[in-house]
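I have placed the structure first, in the form of structure tokens, so that the comments after it can refer back to it.
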Amino acid sequence: MSRDSGEELRRAVAREMQALQAAVDAYDDEAARSLGVNRTDLHCLEVLNQHAALTPSRLGSELGLTTGSVTAMLDRLERLGYLTRSPDATDRRKTLIQITETARERASSLYGPLVTEGDALMADYTAADLELLAAFLRRNRELYERRLARARSDS
């Protein structure tokens, strides 16, 4: 492969990554609208869906939000029936936040087809292709996580 074609391919990959990010953002905007929440609330539901339960402080840390912002967000999502708050069985001073089955079902109706169709797309690739893609995506995620940590420490 010539140097020029390598550069062209890198630019093409960068364009596709930008287009993918725009498509994901647009889909998430529509999902948030459909759920009756804002994007921060949607992100909160995504984080809660990945954990059995979180304390408000841990959730705030995961989302980069202040205590007051977390409280207002939890109030909104609880009113919608998307989360519950309950005392921690091991430390009654703590409150645990959990996503509800209602929220899981609503999110599944929006994101489930993407998972199914994405699995079908991946079936077109070899194990070696998928290993390469996974490594590329992981390294890009790690890059963004490092840059985010720096940006947060600078502000």
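For the reader, a short list of remarks on this structure follows.
- Principal axes of segment 1-59: Cα extent on each, largest first, Å: 53, 25, 15
- Distance in nm between pseudo-label sites at Ala128 and Asp29 (7 Å out along the Cβ direction from Cα): 4.1
- Size of charge dipole - the chain - debye, nearest 20, with Cβ of Lys, Arg +1 and Asp, Glu -1, no other charges: 760
- Between Leu132, Gly36, Ala22, the Cα set farthest toward the positive side of the dipole of the chain (charges on each charged residue's Cβ, about the Cα centre) is that of Gly36.
- Ranked Thr116, Thr100, criterion: other C-beta atoms within 10 Å, fewest first: Thr116, Thr100
- Gyration tensor analysis over the Cα atoms of segment 3-106 returns equivalent ellipsoid semi-axes of 36, 16, 12 Å (largest first, whole Å).
- Along segment 107-113 the Karplus relation, 6.51 cos²θ - 1.76 cosθ + 1.60 evaluated at θ = phi - 60°, assigns HN-Hα couplings of 5, 4, 5, 8, 9, x, x Hz to successive residues, with x for each Gly and Pro.
- Among the trypsin sites (Lys or Arg not before Pro) within segment 39-97, those in coil by DSSP and having at most 10 neighbouring Cβ atoms inside 10 Å are Arg92, Arg93.
- Ranked for footprinting exposure by Cβ neighbours inside 10 Å, fewest first, Leu137, Leu45, Leu35, Leu110 give Leu137, Leu110, Leu35, Leu45.
- Note on the chain: dipole from Cβ charges, positive end direction compared against Thr67, Ala151, Ala52; the farthest Cα belongs to Thr67.
- Relative contact order [Cα under 8 Å, 6+ residues apart], segment 47-148, whole percent: 22
The numbers here are math on the coordinates, done by the rules we state, and not lab data. On a predicted model such as this, the values are computed, not experimentally measured, just so you know. When we count neighbours, we look across all protein chains shown, and the Cβ atoms used for this are built from the backbone with ideal geometry, even at glycine.
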